[in-house]
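Here is the structure we will look at.
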């Protein structure tokens, strides 16, 4: 402790991404969005298209949460809350799709 009674400066974990890293993540998200739009115009049946779009949406969600919301650099407890919410949403989404016989 210093004489003023304040502790030494603590490290707050790993450094946050640089602007270059944010641009790279943004470009990856743009490519994934382009893949989603292209997939919707292919004429593929809903039983293949919907799970494909769902997986792409989950990947994009994870990237946004991890990098742009800085969850990658925060305590793991916060990550668990997001995973629980995403899991609950996924289960609800699948139940609705199954109840409307989208996969049959």
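Return the pair list, or none, for Cβ contacts closer than 8 Å from residues in region 77-104 that are within 15 Å of residue 55 (Cβ to Cβ) to residues that are part of a loop (DSSP other than H, G, I, E, B), at least 6 apart or on different chains.
That search, which allows pairs on different chains as well, returns 97/103.
Return yes when residue 29 is touching a helix residue (DSSP H, G or I) at 6+ places or on another chain (Cβ under 9 Å), within 19 Å of residue 16 (Cα to Cα), modelled with pLDDT of 90 or more and in a helix (DSSP H, G or I) and no when it is not.
When the stated conditions are applied, residue 29 passes them.
Among what's in region 44-80 and is in a loop (DSSP other than H, G, I, E, B) and within 23 Å of residue 26 (Cα to Cα), pick the residue that is modelled with the lowest pLDDT.
Across region 44-80, the extreme among qualifying residues is 70.
So which residues in region 81-104 are in a loop (DSSP other than H, G, I, E, B) and surrounded by 10 or more Cβ atoms within 10 Å (Cβ to Cβ)?
Scanning region 81-104 gives 102, 103.
The values are calculated or read from the model by the stated rules, or taken from the named source; none is laboratory data. Note that the structure is predicted; figures quoted are calculated from it, not measured. Every residue, glycine among them, receives a Cβ derived from its backbone with ideal geometry; neighbour counts consider all protein chains shown.
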